[in-house]
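Student: My structure is below; once you've seen it, I'll send some questions.
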Amino acid sequence: MAEDDDPPEDSEAKAKATMEYLTRLRQDLVYLQNAADAMKDKVEKDEEIADTLKELLKIPTKNSDEKLDEMKYVLKVIKKHPFLTQTGPMLDTGTRSSKDQDTEYQKGETGYDDIFSTIQDLSVEKEPELTPELKEAKELFDAAMQKLERRSADVRGAVQQVQRAAERGYAPAKVQLAWSYIFGEGLDLDIDKGKEIFEELANEGNADAHAGVGFLYATGLGVGVSQARALLHYTLGALGGSDFAQMALAYRHWAAVTVPASCPKAMQLYMKVAAKVAGKVSLSGGPAVQRARLLDEAEGGGGALDTDLIEYYQLLADKGDVQAQVGLGQLHFQGGRGVTLDVRKAQHYFQQAANAGNAVANAFLGKIYLEGGDGVKADNETALRYFRKAAELNNPVGQSGLGLMYLQGRGVPRDTTAALKYFTMAANQGWVEGQLHLGFMYFGGIGVRRDFKQANKYFSLASQSGHVLALYHLAQMHAQGLGVLRSCTTAVELLKNVCERGAWSARLMSAHGAWRARNSPAALTQYLALAERGLEVAQSNAAFILDIGESALFPGEQRYRRALQLWGRAAAQGCAGARLKLGDYHYYGLGTPLDLEAAAYHYRIASEQLHSAQATFNLGYMHERGLGLARDPHLAKRCYDLAADSSPDARLPAALALARLHAAAAIDHIAHTVMESPLAWLLLSAESSLQTSWDVYLIAALAAALALVVLLRRPPAAPPAPANH
């Protein structure tokens with residue numbers, strides 16, 4: 001203002017000077033806004049780190065020396081972190097008085113110029129300029145990752161490309177290479193090499209590398225277990241934008257694992273990852289991921305499709321079986337059930353079925369041409385033609401696709417009324433994409449009056465099929481209270497579900513493939529990584545591998561302690577098998593002192609809340625024997641009956657247990673009746689045997705037969721006296 005106190009008299013010069021002033025002022029305002037945002041971001045980061053340090057100090061350790069070592073390690077790592085190496089008033093931790101600070105400010109020792117000099121322009125996040133060699137490495141890395149994301153069979157070739165990119169110094173390739181060493185994916189499993197790469201990059205401030213180091217300390221792979229160090233590295237990784245670290249930290253806040261439970265913190269972290277996942281998901285929902293549970297497979301459950309079965313379907317398809325053609329087309333289109341994702345093969349099988357007039361094949365051909373990709377060029381006219389054929393046959397997939405084309409004006413004039421009509425037709429037939437798009441229309445007021453309650457209704461219907469975008473928008477509505485009561489708990493559960501459907505969930509299928517190939521160490525490390533992200537299936541599968549002793553990574557009693565921890569985390573997320581295993585571990589004293597009362601507690605939860613027939617049977621056994629519970633034959637019989645009613649597989653064991661229970665009761669009654677008889681000692685002996693062993697049915701039957709002979713020779717009892725009334 002001092003410079004412009006005396007503006008020029010000439011109006012044209014005055015206008016020019018005014019414009020220059022406004023331009024300069026605008027630039028200053030932008031700079032001030034950027035600086036303010038940067039300071040705010042920096043303050044938030046400092047507060048997060050301060051909170052984390054407080055939590056680290058609360059983590060129990062064995063002795064004071066260990067606590068001191070953890071504190072030294074924390075300080076050492078934080079000093080190396082990039083955004084904490086700057087100097088300035090934001091990092092001043094002294095105890096000077098406000099008067100001293102005001103004096104320094106007046107002297108110019110601590111002014112805004114000093115603050116601005118330490119803050120970069122964060123208005124646009126710019127990628128660093130890459131050298132020609134790094135650009136070439138990036139292209140090599142991107143091509144390799146496309147192969148891995150498409151679940152290509154040539155995993156070793158893709159990882160070798162990653163390795164070449166890493167050798168040229170490209171940091172994301174180095175991170176991926178470290179994970180490949182730890183997972184044994186395309187390379188021999190070598191945790192030490194992975195650890196070395198992670199530590200090198202973490203010292204440079206790489207967020208994904210901090211997440212990797214945190215994973216190693218959390219699981220004890222290659223290093224001693226230290227939850228304090230794991231929490232530190234996860235925090236630094238989360239601040240740097242690592243989705244692994246953000247999910248791991250969010251899960252810990254949600255499940256109160258080594259940190260106090262905090263729904264707002266969990267929601268904040270899950271929201272960041274969920275936004276990334278939702279931004280990369282197509283309207284079709286993305287590739288399918290099979291969540292095989294090893295515990296169920298061991299008990300005779302289903303797994304991935306066998307190669308022989310797939311070859312049989314291919315034989316049927318080649319002979320003109322339309323249903324086989326449609327089934328193989330859907331498998332290759334979504335990449336599920338152990339089949340490689342291949343859009344060209346899906347197009348081939350759908351085309352054969354469409355030529356035979358199949359409505360589903362026509363609809364999916366429309367989806368392929370609408371989205372394009374993997375060598376198939378997007379073509380609106382061709383997509384419209386196939387969608388129309390399917391819609392004429394009343395196929396909901398075709399109706400939904402046709403509605404989408406009208407909504408977006410692709411190949412046809414934009415018409416929200418027609419879009420609403422087709423989406424409604426598809427939704428009424430239960431098709432998830434029709435429900436999803438209706439939710440979008442009501443949520444945004446597109447072609448209809450905005451109605452959050454209707455949007456919530458259709459998003460809820462679509463979310464029941466597990467569609468990522470439906471889950472994401474439903475979570476947003478619960479987080480903000482749009483059309484529903486605001487609920488942090490519901491929002492976090494939905495956001496967690498979204499995050500667990502990110503691209504990394506395909507690791508479940510890779511781990512399962514390693515397990516079927518009898519590569520237990522590789523399967524275990526992959527399941528452990530997903531377990532840290534909070535996936536319940538991965539937690540129970542990792543615990544199962546440790547439970548049966550298939551991996552040598554954690555030998556001896558150590559594997560039971562780790563398995564117990566994983567069973568506990570999976571049980572807390574509602575896994576019935578994991579809750580049952582918790583009861584078994586406490587019953588037999590595996591990884592924990594023997595505690596029959598704790599075993600009964602877990603069995604009761606598995607029985608009453610999760611309806612586990614095995615847990616109900618176990619409770620009956622404990623009531624029958626008086627193990628950890630009061631001895632009560634009546635309750636034991638009730639438990640056996642409930643177990644038989646809840647599962648067909650439990651009927652035979654329950655019948656044998658009930659026969660044994662009835663035999664014991666009969667012998668007890670007979671023994672008290674014939675106490676004066678010489679056979680009393682035999683009956684009591686049989687009863688005692690029934691209480692200590694399962695292999696005594698023959699003895700019980702013999703004793704009952706002898707007792708029956710004695711009773712038949714006794715004179716009949718006198719009839720009861722008549723009642724006075």
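Student: Can you give me the C-alpha center-to-center distance between region 218-286 and region 359-397, rounded to a whole angstrom?
Tutor: With region 218-286 and region 359-397 each reduced to a Cα centre, they are spaced 38 Å.
Student: Taking the Cα of residue 256, stepping 7 Å toward and past its beta carbon, and measuring to each backbone N in region 466-505: which are under 18 Å?
Tutor: 488-490, 492-493
Student: Classify region 308-429 as rounded, prolate or oblate from the Cα gyration tensor: take a ≥ b ≥ c as the square roots of its eigenvalues, call it rounded if a/c is under 1.5, otherwise prolate when a/b beats b/c and oblate if not. Could the numbers behind the result be given before it?
Tutor: On the way: a/c = 2.30, a/b = 1.85, b/c = 1.24.
The shape class here is prolate.
Student: Estimate the FRET efficiency between residue 558 and residue 203 by the formula 1/(1 + (r/R0)^6), using the beta-carbon distance for r and 25 Å for R0, to the nearest 0.05.
Tutor: 0.25
Student: Suppose all protein chains stay in the model; what accessible area per residue would a 1.4 Å probe give for region 308-429, in Å²?
Tutor: It amounts to 47 Å² per residue over region 308-429.
Student: Using r as the Cβ-Cβ distance of residue 378 and residue 142, and R0 as 22 Å, what FRET efficiency do you calculate, to the nearest 0.05? Before the final figure, lay out each step's value.
Tutor: Numbers: r = 21 Å, r/R0 = 0.94.
The value I calculate is 0.60.
Student: A further question follows. Counting alpha carbon pairs within less than 8 Å and at least 6 residues apart, what relative contact order, in whole percent, applies to region 574-678?
Tutor: Reported as a whole number, the value is 17 percent.
Student: While we're looking at this one, here's another question. Please give the residues of region 202-246, grouped as numeric ranges, whose backbone N is less than 19 Å from a label point set 7 Å along the Cα-to-Cβ vector of residue 192.
Tutor: Once the point is set 7 Å along Cα→Cβ of residue 192, 213, 216-217, 220-225 turn out to lie under 19 Å by backbone N, inside region 202-246.
Student: Right, here's the next one. In region 376-461, carbon and sulfur make up what percent of the accessible area (probe 1.4 Å)?
Tutor: 48 percent
Student: When ligands, DNA and RNA are left out and all protein chains stay put, how many square angstrom of accessible area per residue does region 533-670 have with a 1.4 Å probe?
Tutor: Spelled out: the 1.4 Å probe surface of region 533-670, per residue, equals 44 Å².
Student: Right, here's the next one. Which entries of 147/280; 195/265; 265/581; 195/280 have Cα-Cα distances beyond 21 Å here?
Tutor: Check vs 21 Å cut-off fails for 195/265; 265/581; 195/280.
Student: Run the numbers on region 132-280 and let me know its relative contact order in percent, using alpha-carbon pairs under 8 Å that are six or more apart.
Tutor: 12 percent
Student: Expressed in nm to one decimal, what extension gain is obtained for the pair residue 160 and residue 296 from 0.36 nm per residue of sequence separation less their Cα-Cα distance?
Tutor: Roughly 45.4 nm would be gained on extension.
Student: Within region 224-238, find all residues whose amide N lies under 20 Å from a label point positioned 7 Å from the Cα of residue 72 along Cα-to-beta-carbon.
Tutor: The answer is 224-233, whose backbone nitrogens lie closer than 20 Å to the label point.
Student: Same structure, new question: Give me the net charge for the shell around residue 198: Cβ to Cβ below 12 angstrom, other residues only, Lys and Arg +1, Asp and Glu -1. Each step should come with its number before you reach the end.
Tutor: Details: positive: 174, 193, 195; negative: 192, 196, 199, 200, 204, 208.
The answer is -3.
Student: Spin-label point model (7 Å from Cα, Cβ direction): what's the residue 323 to residue 627 distance in nm?
Tutor: Going from the residue 323 label point to the residue 627 one covers 4.8 nm.
The values are calculated or read from the model by the stated rules, or taken from the named source; none is laboratory data. From a predicted model like this one, the values you see are computed outputs, not experimental measurements. Cβ coordinates were reconstructed from backbone atoms using ideal geometry, including for glycine residues, and neighbour counts include every protein chain displayed. Note: accessible area is taken over every heavy atom of the protein model, side chains too, but ligands, DNA and RNA are not part of it. Shrake-Rupley method; radii C 1.70, N 1.55, O 1.52, S 1.80 Å.
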